[in-house]
Amino acid sequence: MKKYPDFEKLNRLLVASFEAEKLYYNAAMEAQKTELKRFLNYMSVERNRMSHDISNELHSRDIEPLKEDVEKNILDHSKSIPQNVDLATAIKQCLSRDRNNIKRYDELLERKELPDSVLTILERQRQKIDQYITEVEKHLK
């Protein structure tokens, strides 16, 4: 089996994806309007699906996810955004995490040091996140 050097970076992307999920979940909890709350929850669910896709790819190659980091970042739904953070700030934090994650995707996709099947998944996820960023930005206006 070919050894790929970027699985460590993929593992880090997994942790960052869980962080995005948590940020969107917490932002949804702060939203007062039902439509916005549903949208932000959907964004959280989408980040969860992406995380699971990455996790499955790691597991299928007998690579353990970064346990301590993943466990540290697993959603703790009892924690919410600090009271001094308004909804707009929470959404900006979500966007910032997404933009940072896009950079991680770009690096992995440019290096092409992962199996083609993984690169295909990453390309699809990157495109989705890029589209979602545009949708999320509309809610800041």
- Query: Can you pull out the residues in the range 114-140 that are in a loop (DSSP other than H, G, I, E, B) and within 17 Å of Ser96 (Cβ to Cβ)?
  - Reply: His139, Leu140
- Query: Which residues, taken from the range 92-133, are more than 14 Å from the chain's Cα centre (by Cα) and touching a residue at least 40 places away in the same chain (Cβ under 8 Å)?
  - Reply: Lys92, Glu107, Leu108, Arg111, Glu113, Leu114, Pro115, Ser117, Val118
- Query: Going through the range 103-141 one residue at a time, which ones are more than 13 Å from Arg47 (Cβ to Cβ), aliphatic (A, V, I, L, M) and modelled with pLDDT of 95 or more?
  - Reply: Leu108, Leu109, Leu114, Val118, Leu119, Ile121, Leu122
- Scan (1) of a type in the set (A, V, I, L, M); (2) more than 19 Å from Gln125 (Cα to Cα); (3) touching a residue at least 40 places away in the same chain (Cβ under 8 Å) for the single condition Ala28 breaks and write down its number. (3)
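The values are calculated or read from the model by the stated rules, or taken from the named source; none is laboratory data. Predicted, not measured: the structure shown is a model, and the values here were computed from it. A quick note on method: Cβ atoms are made from the backbone with ideal geometry, for glycine too, and the neighbour counts reach across all protein chains shown.
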